[in-house]
Amino acid sequence: MEAREREAQVEVHRRPTSRGYARSRSNFTTAAIWQHRRLFSFLLLLSAMAVGGASPAAAQTSISGTISADSTWTAIDSPYLLSGNVVVNAGSTLTLAPGTVVKGVSSSSRLDVRGRIVSQGTAESPVVFTSFRDDSVGGDSNGDGDGSAPGAGNWSGIFLRGTQAENLIDHTVLRYAGSSTNSNRGALYISGSTGVVSNSVVENSSQAIFVEAASPRIESNLIRSNSRGVVVTGTSTPTVTGNTLIGNGLADLPDFFGPPIS
């Protein structure tokens, strides 16, 4: 029964939908034709805005070093470009508003949360963490047009290591992250920390989620096209429920190297 339910989940995400629209053969007035042309042009503009276009982003915010006070990142100041190891200090909270875009500039770029993170997007406007080479969101940040393409391990990912408060990652997209040299690191690395990872997408990374000596709740996420899906080690006791795993290299089931999970 469980296998059939999982197959059904995979089918839902893999099967493209297609709808045919019959072309109307009725006669249009000149005014109607121009109205349709204006609508079509507007839809093209919306599509270009959605994928970010090929031109450099109008606003870019460079981030490096340490965040020592409560901070909020927003869509209007996106993309935020992470250089090196950006640390959220203990006692500080980093909040990301819906629509915020964060890009890792290199394989050493990571967000090291020793305080607290609240990354809470919406279904319509998720928070996105991605590669500097990803032009599909936040524009062509490296300004090379089609000269580069994103891939797994382009940036290191998000490390959750704070123990003082519960982290929240909800309606957030993580892609093109992880380490190509250290197998014990995922796009989302959770060590000794608590919190919730829900309604999010982790994709196209060397590993998706790596849990070490931690007890997070990992619920209702889409985890796809990674070298590994969810890895749990040591004394970790996470709650892993309602997730869909598709096309992950080693397996589409979580790997557990420790006690049973709840």
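Coordinate-derived values only; no laboratory data. Because the structure is a prediction, the values reported are computed rather than measured. With ideal geometry, Cβ positions are generated from the backbone for all residues, glycine too; neighbour counts draw on all protein chains shown.
Residues that are of a type in the set (Asp, Glu) and either crowded, with 24+ Cβ neighbours inside 10 Å or touching a residue at least 40 places away in the same chain (Cβ under 8 Å) (or both) were ranked within the range 90-149; the one that is nearest to Ile63 (Cα to Cα) is Asp112. In the range 206-223, the residues that are free of Cβ contacts under 8 Å to residues at least 60 places away in the same chain and more than 14 Å from Leu160 (Cα to Cα) form Cβ pairs under 7 Å with partners that are assigned to a loop (DSSP other than H, G, I, E, B) and basic (Lys, Arg), at six or more places apart or across chains, as follows: Gln207/Arg185; Gln207/Arg228.
Looking only at residues in the range 83-94 that are assigned to a strand (DSSP E or B) and within 13 Å of Glu166 (Cα to Cα), the one that is farthest from the chain's Cα centre (by Cα) is Thr93. Residues in the range 103-137 that are part of a loop (DSSP other than H, G, I, E, B), of a type outside the set (D, E, K, R) and in contact with a Phe, Trp or Tyr (Cβ under 9 Å, 6 or more places away or on another chain): 6 in all.
Each residue in the range 193-247 was checked for being in contact with a helix residue (DSSP H, G or I) (Cβ under 6 Å, 6 or more places away or on another chain) and part of a loop (DSSP other than H, G, I, E, B), and 0 pass.
For the range 154-175, the tally of residues that are surrounded by fewer than 24 Cβ atoms within 10 Å (Cβ to Cβ) and in a loop (DSSP other than H, G, I, E, B) stands at 6. Among the conditions (1) in contact with a Ser or Thr (Cβ under 8 Å, 6 or more places away or on another chain); (2) surrounded by 15 or more Cβ atoms within 10 Å (Cβ to Cβ); (3) under 21 Å from Val137 (Cα atoms), the only one that Thr72 does not satisfy is (2).
Gly178 falls short on exactly one of the conditions (1) assigned to a loop (DSSP other than H, G, I, E, B); (2) at negative phi, and that condition is (2).
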